[in-house]
Structures are given as structure tokens and as C-alpha cells.
1. Kindly establish whether LEU231 is more than 20 Å from CYS323 (Cα to Cα) and touching a Phe, Trp or Tyr at 6+ places or on another chain (Cβ under 8 Å).
2. Cβ-Cβ distance below 8 Å, separation of 6 or more or different chains: which pairs start in segment 143-167 with a residue that is on the phi > 0 side of the Ramachandran plot and end on one that is among the polar types (S, T, N, Q) and within 13 Å of the ligand (Cβ to nearest atom)?
3. Can you confirm whether LYS333 is more than 23 Å from the chain's Cα centre (by Cα), more than 24 Å from THR248 (Cβ to Cβ) and assigned to a helix (DSSP H, G or I)?
4. Looking at this structure, is GLU288 assigned to a helix (DSSP H, G or I), in contact with a helix residue (DSSP H, G or I) (Cβ under 7 Å, 6 or more places away or on another chain), free of Cβ contacts under 8 Å to residues at least 24 places away in the same chain and farther than 30 Å from GLU126 by Cβ?
5. Can you tell me which residues in segment 211-223 are within 15 Å of ARG146 (Cα to Cα) and more than 16 Å from the ligand (Cβ to nearest atom)?
6. Please give the helices (runs of 4 or more DSSP H) falling wholly within segment 1-99 in which 3 or more residues are charged (D, E, K, R).
7. Any chance you could count how many residues in segment 346-386 are surrounded by 13 or more Cβ atoms within 10 Å (Cβ to Cβ) and either in contact (Cβ under 8 Å) with a residue 12 or more places away in the chain or more than 16 Å from the ligand (Cβ to nearest atom) (or both)?
Amino acid sequence: MDMRLDPADQAIQARTREFAERYLFPYELECEERQGLSKKSLGIIRRAVKEYCLNAYNHRKEDGGPGYTPLQQLLIHEELGKATCGLWAVVWTATLPLRHGTARQRRDYLLPIIAGKRRCCYAITEPEAGSDPRMVKTSARLKKGRWELSGEKWFVTSADVCDLILVHAHVDGDPEKPTLFVVHKDDPGVTVKRVPKFMHTYVFEHQEFLFDRVALAPSRLLGKVGEGYELTKDWFTDTRFQIAAHCTGAAIRATEIANDFAASRVQFGRPIRDFQAIEFMLADMAVEIMAAKSMLYRSGWELGNGLERKLAHARASAVKLYCSEMAGRVIDKAVQILGGRGYMRENPVERLYRDIRVDRIWEGTSEIQRAIIGGQIKKRGLGLYTGWV
Ligand SMILES: Cc1cc2nc3c(=O)[nH]c(=O)nc-3n(C[C@H](O)[C@H](O)[C@H](O)COP(=O)(O)OP(=O)(O)OC[C@H]3O[C@@H](n4cnc5c(N)ncnc54)[C@H](O)[C@@H]3O)c2cc1C
């Protein structure tokens with residue numbers, strides 16, 4: 001079994017690392033202090049995204065993307081995940097279900113998004129529908145050949161920089177007909193209700209939307225009526241692996257900072273790393289990262305070697321669960337090693353500590369991942385997770 005990264009993988013990893021160090025890290029403090037970036041800074045980063053061929057890095061060549069392998073995509077996510085304040089979100093991806101659109105939808109939405117001319121956010125969650133999307137109240141009804149969509153959506157990430165919203169609605173209010181619609185933010189009847197603040201400093205906003213009888217042409221339906229979950233499954237698989245890789249990158253950066261500090265910080269006449277209490281924390285952090293990386297890279301390899309879609313979805317839950325919880329434990333230790341400095345907002349470790357808390361919540365909470373894994377064990381047997389074929 002050859003587990004090494006090949007030269008192409010290594011080149012992409014090195015290129016993305018350079019991008020993060022040159023174009024994300026230097027803007028972190030600006031983002032923290034102004035709770036966002038100036039137009040000028042955003043413009044500089046966005047231009048670099050294209051120079052480094054990182055735009056829409058989750059898309060295949062045949063869909064107009066750069067065609068990175070799944071393992072290469074994880075390597076990219078890992079490097080970007082080292083940046084704080086969610087600056088990785090400036091590196092735009094294109095919402096996966098759009099590749100299942102009609103030729104016209106691909107022309108009007110997917111290709112311009114890949115090129116960075118448009119941007120799409122994804123709205124599933126509602127006041128009463130979180131972990132259980134069957135509780136969604138947003139409904140769409142066909143009236144005189146047009147869809148009429150009404151409802152409310154919460155936590156719509158990056159909506160402030162998007163012109164398109166992929167809305168998960170129930171046709172005729174029927175939970176058996178979950179369906180995706182492409183809504184334009186300037187469609188009459190679409191309003192931003194509120195822009196709440198969150199624990200992390202994130203480069204963009206998570207807005208709340210109201211949809212009041214928004215009239216949509218038939219061409220705004222993505223896929224077929226009732227296909228909402230099927231299309232969303234691809235998105236969840238993709239974003240859960242993405243989160244796992246981000247968390248691994250975040251844990252690595254925090255550990256590197258803590259390791260350097262432990263070597264240089266002298267108390268009681270010696271570097272603090274010479275105290276076993278500190279050394280053992282660093283040891284645990286390194287081992288946890290090693291385990292997370294092993295899961296992640298193995299999955300990347302499997303995804304690129306024909307892992308069945310349903311199994312990929314099942315694996316994504318395990319990898320997201322482990323990596324997000326691992327990052328919480330590791331970065332907490334990094335804060336501890338840094339002492340008071342680890343509690344200062346100007347320190348990347350403090351920001352990482354806040355940033356990664358949401359990774360145990362969004363794209364399915366840790367409890368929901370455990371429920372998926374438990375269900376898969378019941379259905380397919382333990383070997384899905386404990387075996388190696
Ligand atoms: C910063 C941020 C950005 C987000 N971005 C988006 C976005 O862009 N688009 C979008 O649609 N959504 C987004 N979300 C929403 C996110 O996906 C939901 O918050 C998440 O799915 C959990 O739903 P909830 O908050 O309603 O919690 P609930 O579902 O109400 O859960 C509350 C608690 O109950 C637990 N729980 C629920 N059901 C079970 C069960 N069956 N078994 C055991 N425990 C259970 C949960 O794990 C949790 O601990 C975002 C959230 C945040 C915080």
C-alpha cells in the first residue's frame with residue numbers, strides 16, 4: 001500500500017499553503033477588527049484566488065471546474081482551514097447540486113459562479129427546522145404555470161455576497177416533496193429580515209430571509225419535484241469532508257504555534273515544554289492530528305477510487321464527527337499552553353478556538369452524525385467503519 005502524496009498532490013498542497021500564507025493570514029487582523037474585509041482587501045484576495053487556480057476547486061473539468069481529485073480538494077481545504085475568521089470562504093466554490101441543473105441553468109448559474117461572477121448560498125434551516133428538515137415550512141405552489149414560494153430561512157451563510165439563494169422548500173407544503181429552487185436575491189418578495197451576530201468572526205454574514213409569495217419561472221426549479229434531499233446529499237457529503245479538512249488544518253496551525261511557544265517561553269528557569277504537563281499536551285495534540293489526517297487522506301483516496309455515493313455519505317459523517325471534535329480538543333490545549341496570550345483576540349489560536357466551535361453544529365450536528373453512523377452500522381454492519389477493503 002503506497003500512502004504517499006504524489007508530486008501533483010504535493011504541488012497543489014504547497015501552492016495552496018503559499019496562497020494561505022500570502023493572501024489569507026495577512027488579512028486576519030483586519031477582518032477581526034472590522035468584522036469583515038474592506039473592498040480593496042477582498043479584491044486582492046479574489047484576484048489571487050484565480051491566479052492560484054483555486055476558484056470552484058470542488059468542480060470537475062467537465063462541469064467547468066479545475067478538476068482536482070477528491071484527495072487534492074481535501075489538501076486544499078486543509079491548507080485554507082488554517083486561516084482564521086472564515087477567510088477560506090473568500091475562495092469561492094460552486095454549490096454542488098447545480099451541476100445537476102439543465103443546460104440553461106448550468107450556463108446561467110454554474111459557469112458564472114465558477115468564474116466568480118455570481119455566487120450562490122444555500123438555505124435549508126428555518127426557525128422550526130434545524131436537524132429535522134421535514135419540519136421545513138417554506139412552501140412552493142404552482143399557480144398559472146409559475147411557482148409561488150413563501151417562507152423564512154435562517155443562518156444563510158455568505159448571503160451578503162451572493163446574488164443567488166438555493167432554497168429548500170416543500171412543494172404544496174408536503175414534506176414528501178422536498179424541492180430545490182434557485183431564487184435571485186433581487187426577486188420581488190425576497191427581504192433580509194435580520195443579520196445576527198455569532199461567536200466567530202466570519203468574513204461574511206449569516207443572514208435571515210423572508211420570502212413572500214416570490215414568483216418563480218419553471219426554469220428556477222433545480223432537478224425534479226421531490227428530489228431536494230437527493231440533491232442535498234451531495235452537498236452534505238462535500239461540505240462534511242470540507243469541514244473535516246478545515247478542522248484538521250486549524251488544529252495543525254494551533255499546534256504549530258503552541259509548539260513554538262512552548263520552546264521559547266521560559267518560566268521557572270526553563271522552557272515550558274520541559275514541563276511534562278506541557279509536553280504531554282503536545283504529544284496528545286500530535287497524535288490526535290495524526291489520527292484525523294489518516295482518516296481524511298484515506299477517505300480522499302477512496303473518493304477518488306470509486307467509493308460508492310452512499311458509502312461516501314456514510315464515511316463523511318464519521319470523518320466530520322471525528323475531525324471537528326478533535327479540533328475542539330486540540331485547540332483548547334493550544335490555548336492552555338499559550339496561557340493568557342492564548343486568550344487574546346490578536347492571537348490566531350484564540351480565533352481558531354472560536355472559529356471551529358461551529359463545526360460541531362453546522363452541516364449536521366455531532367449528534368446527527370452519530371445518528372447517521374449508528375443507522376449505517378445497523379444497516380450495513382460495523383465493517384463499514386472498522387473494516388479496511
Ligand atoms: C454560523 C452558522 C451558519 C449556518 N449556515 C447555514 C446555511 O448556510 N444554510 C443553512 O441552511 N443552515 C445553516 N446553519 C444551520 C445549521 O445547519 C443548524 O444550526 C444545524 O443543522 C442544527 O440545527 P438547529 O440549530 O436548529 O438545532 P436543533 O436541530 O434544534 O438541535 C438542537 C440540539 O438538539 C440536538 N438534536 C436534534 N435532533 C437530535 C436527534 N435526533 N438526536 C440527538 N440529538 C438531537 C442537536 O444535536 C442539538 O444539540 C448555520 C448555522 C450556524 C450556527
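The values are calculated or read from the model by the stated rules, or taken from the named source; none is laboratory data. A quick note: this is a predicted structure, and the numbers were derived from the prediction, not measured. So basically every Cβ, Gly included, is an ideal-geometry build from the backbone, and we count neighbours across all protein chains shown.
1. no
2. The qualifying pairs are GLY151/THR138; PHE155/THR125.
3. Details: more than 23 Å from the chain's Cα centre (by Cα): yes; more than 24 Å from THR248 (Cβ to Cβ): no; assigned to a helix (DSSP H, G or I): yes.
Criteria not met by LYS333.
4. Values: assigned to a helix (DSSP H, G or I): yes; in contact with a helix residue (DSSP H, G or I) (Cβ under 7 Å, 6 or more places away or on another chain): yes; free of Cβ contacts under 8 Å to residues at least 24 places away in the same chain: no; farther than 30 Å from GLU126 by Cβ: yes.
When the stated conditions are applied, GLU288 does not pass them.
5. The answer is ASP212, ARG213, VAL214, ALA215, LEU216, ALA217, PRO218, SER219, ARG220, LEU221.
6. Values: elements: 7-19, 28-34, 39-51, 70-80.
Those helices (runs of 4 or more DSSP H) span 7-19, 28-34, 39-51.
7. Here is the first cut: in segment 346-386, the residues surrounded by 13 or more Cβ atoms within 10 Å (Cβ to Cβ) are 347-366, 368-373, 376-377, 380, 384-385.
Next, from what is left, pick out any that are either in contact (Cβ under 8 Å) with a residue 12 or more places away in the chain or more than 16 Å from the ligand (Cβ to nearest atom) (or both): 347-360, 362-366, 368-370, 372-373, 376, 380, 384-385.
Total satisfying the criteria: 28.
Yes/no matrix, rows are residues, columns are (1) touching a strand residue (DSSP E or B) at 6+ places or on another chain (Cβ under 7 Å); (2) among the acidic types (Asp, Glu); (3) modelled with pLDDT under 95; (4) over 22 Å from TYR353 (Cα atoms):
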{"residue": "ALA263", "(1), (2), (3), (4)": "yes, no, no, no"}
{"residue": "PRO271", "(1), (2), (3), (4)": "no, no, no, yes"}
{"residue": "ASP274", "(1), (2), (3), (4)": "no, yes, no, yes"}
{"residue": "ALA286", "(1), (2), (3), (4)": "no, no, no, no"}
